[in-house]
Amino acid sequence: MEYRKLGQTGLETSILGFGTGPLGDLYGLADPAEIIRAVQLAIEHGINFFDSSPYYGLTLSETRLGEALVGRRDKVLLATKACRYGLEDFDFSAKRILSSVNESLRRLKTDYIDLFQAHDVEFADLRQVVEETIPALRKVQESGKVRYIGITGYPPRFLRTIAQQVPVDTILSYCHYDLLNTSMEQALTPFARAAGVGLINASALHMGILTEQGAPKWHPAPREVHDAAGRIGEICKKRNLALTGVALRFAFDHPYVASTLVGMKTQAEILTNLDFLRMKSDPALLAEIRAAVGPALDLEWPSGKPENNA
Ligand code: NAD
């Protein structure tokens, strides 16, 4: 396993990180016994970075992760979030953050969180995030309950705008650096690198689109993106390559991202994705994929307040 520095935090994360959205049944029902074995297997193979949220499965992901980490807490870097609690349920206030951290600590069965993040900040007012949310996260950090703080969300420009106004330790961006969208590169990466902010790339499978089984029903991407993923799948099939492997290899090769978070819930997925760490990247294949994606590259869907998507 390769480990990378997460900005200036001093933390070193495995380049393959364990995304625990699927532990909250976001991608079909997960088997609780298999989750325990999957988490254990991941740790045995050097995966040390786990990302959760009270939003995933409405606390189910945190609860299951907490159970799976009993006796293994010291082997992992644990990230979770506050501020998002349901599809439409957000609270970016200081008061809620101060209670949220205690609830997460209880569910995760630990007395500290390595990385505490404001979840999906594009649903908040910029001013509130800058003046209230981030200062509250810092207050929690000063209390010793969390080691570092960050923000997460979909529009990379808005993530940058926040971090330019108030310092954060990390930024988690999702669906903006993969085979279907690379706009994180212009909008966020140069800033993060120059400012020494840790960068986490989530959903390198574009929330399941870039898998052999395809996207979940709730997926918000426009039709053109699904069609482009189909064309990438055909190219990989012709070459006898796993679509998921090609997609993950592309993400692992990013030079600044500290960890690529992949949503997983079974031992089989973990072993397969660990294998992809040994795969070689192929520039000719990537060029062919880029041509096949064509104008669907960087197509987005709306997320959060319209003014935060500008
Ligand atoms: P993803 O792109 O990682 O895709 C997950 C899907 O891919 C699941 O259905 C999983 O079963 C499947 N999969 C994984 N490995 C596979 C393999 N080898 N073969 C076939 N299928 C495979 O999407 P995600 O889970 O949404 O994103 C990863 C993680 O990043 C999340 O779990 C979460 O921790 C984090 N995340 C955070 C935010 C945020 O903070 N706003 C947003 C998105 C994701």
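The values are calculated or read from the model by the stated rules, or taken from the named source; none is laboratory data. Worth saying up front: this structure is predicted, and the values here are computed from it rather than measured. Please note: Cβ atoms are built from the backbone with ideal geometry, for glycine as well, and neighbour counts cover all protein chains shown. Surface areas here come from the heavy atoms of the whole protein model, side chains and all, with no ligands, DNA or RNA. Shrake-Rupley method; radii C 1.70, N 1.55, O 1.52, S 1.80 Å.
Taking region 257-283 as the search range and keeping residues that are more than 18 Å from Ile36 (Cα to Cα), within 11 Å of the ligand (Cβ to nearest atom) and not aliphatic (A, V, I, L, M), which one is surrounded by the fewest Cβ atoms within 10 Å (Cβ to Cβ)? Break it down stepwise before answering.
First, pick out the residues of region 257-283 that are more than 18 Å from Ile36 (Cα to Cα): 257-261, 275-283.
Now restrict to residues that are within 11 Å of the ligand (Cβ to nearest atom): 259-261, 275-276.
Next, only the ones that are not aliphatic (A, V, I, L, M) stay: 259-260, 275-276.
Details: Ser259: 32, Thr260: 27, Asp275: 12, Phe276: 18.
Within region 257-283, the match that is surrounded by the fewest Cβ atoms within 10 Å (Cβ to Cβ) is Asp275.
Being outside any helix (DSSP H, G or I) and under 19 Å from Ser52 (Cα atoms) is the filter; apply it to region 127-152 and report the residue that is most open to solvent (accessible area, probe 1.4 Å).
Start the filter on region 127-152 by keeping residues that are outside any helix (DSSP H, G or I), which leaves 144-152.
From what's left, under 19 Å from Ser52 (Cα atoms): 145-152.
Working: Lys145: 68, Val146: 5, Arg147: 102, Tyr148: 51, Ile149: 0, Gly150: 0, Ile151: 0, Thr152: 2 Å².
Restricting to residues being outside any helix (DSSP H, G or I) and under 19 Å from Ser52 (Cα atoms), the top hit is Arg147.
Quick one: is Arg4 charged (D, E, K, R), outside any loop (DSSP other than H, G, I, E, B) and touching a Leu at 6+ places or on another chain (Cβ under 6 Å)?
Details: charged (D, E, K, R): yes; outside any loop (DSSP other than H, G, I, E, B): yes; touching a Leu at 6+ places or on another chain (Cβ under 6 Å): no.
No.
For the subset of region 153-180 comprising residues that are in a loop (DSSP other than H, G, I, E, B) and within 10 Å of the ligand (Cβ to nearest atom), which member is farthest from the chain's Cα centre (by Cα)? Explain how you work it out, then say what you get.
Keep residues of region 153-180 that are in a loop (DSSP other than H, G, I, E, B), which gives 154-155, 166-169, 175-180.
Checking which are within 10 Å of the ligand (Cβ to nearest atom) leaves us with 154, 175, 178.
Numbers: Tyr154: 10, Cys175: 9, Asp178: 12 Å.
Among those that are in a loop (DSSP other than H, G, I, E, B) and within 10 Å of the ligand (Cβ to nearest atom), it is Asp178.
If I filter region 72-102 down to residues being open to solvent by 10 Å² or more (accessible area, probe 1.4 Å) and closer than 21 Å to Leu41 by Cα, which single residue comes out as farthest from the ligand (Cβ to nearest atom)?
That would be Asp74.
Can you tell me which condition Arg193 does not meet? The list is (1) farther than 20 Å from Tyr27 by Cβ; (2) open to solvent by less than 10 Å² (accessible area, probe 1.4 Å), and all the others hold.
Going through (1) farther than 20 Å from Tyr27 by Cβ; (2) open to solvent by less than 10 Å² (accessible area, probe 1.4 Å) one by one, Arg193 breaks only (2).
Do you know which of the residues in region 79-126 that are among the β-branched types (Val, Ile, Thr) and part of a strand (DSSP E or B) is nearest to the chain's Cα centre (by Cα)?
Kept after step one, since they are among the β-branched types (Val, Ile, Thr), are these residues of region 79-126: 80, 97, 101, 110, 113, 121.
Still in the running and part of a strand (DSSP E or B): 80, 113.
Values: Thr80: 10, Ile113: 16 Å.
This residue is Thr80.
Just the residues that are part of a helix (DSSP H, G or I), farther than 19 Å from Asn273 by Cβ and hydrophobic (A, V, I, L, M, F, W, C), please, taken from region 38-70.
Leu60
So the check is Cβ under 6 Å with 6+ separation or different chains; which pairs have a first residue in region 158-184 that's farther than 23 Å from Leu205 by Cα and open to solvent by 10 Å² or more (accessible area, probe 1.4 Å) and a second one that's within 12 Å of the ligand (Cβ to nearest atom) and of a type outside the set (A, V, I, L, M, F, W, C)?
Here the result reads Val168/Gly150; Asp169/Gly150, each pair linking region 158-184 to a residue that is within 12 Å of the ligand (Cβ to nearest atom) and of a type outside the set (A, V, I, L, M, F, W, C).
Collect the residues in region 21-37 that are assigned to a loop (DSSP other than H, G, I, E, B) and either within 18 Å of Asp74 (Cβ to Cβ) or open to solvent by 50 Å² or more (accessible area, probe 1.4 Å) (or both), keeping them in residue-number order. Quick ask: steps written out before the conclusion?
First, pick out the residues of region 21-37 that are assigned to a loop (DSSP other than H, G, I, E, B): 25, 27, 29-31.
Residues satisfying the conditions are Tyr27, Leu29, Asp31.
Let's see how each residue does on (1) outside any loop (DSSP other than H, G, I, E, B); (2) at positive phi; (3) near the ligand (Cβ under 9 Å from one of its atoms):
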residue: Phe191; (1), (2), (3): yes, no, no
residue: Met207; (1), (2), (3): no, yes, yes
residue: Glu212; (1), (2), (3): no, no, yes
residue: Ala215; (1), (2), (3): no, no, yes
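Against the conditions (1) more than 16 Å from the ligand (Cβ to nearest atom); (2) at positive phi, where does Pro306 fall short? Just the number, please.
Here Pro306 meets the rest and fails (2).
Hey, among the residues in region 219-255 that are within 11 Å of the ligand (Cβ to nearest atom) and hydrophobic (A, V, I, L, M, F, W, C), which one's most open to solvent (accessible area, probe 1.4 Å)?
Taking region 219-255 as the starting set, the residues that turn out to be within 11 Å of the ligand (Cβ to nearest atom) are 219, 242-245, 247-248, 251.
Subsequent filtering for residues that are hydrophobic (A, V, I, L, M, F, W, C) retains 242-243, 247-248, 251.
Details: Ala242: 38, Leu243: 13, Ala247: 0, Leu248: 0, Ala251: 2 Å².
Top of the filtered list is Ala242.
Looking for whichever is closer than 19 Å to Leu172 by Cα and open to solvent by less than 10 Å² (accessible area, probe 1.4 Å) here; the options are Ala68, Ala124. Which one fits?
Details: Ala68 fails: closer than 19 Å to Leu172 by Cα.
Answer to the selection: Ala124.
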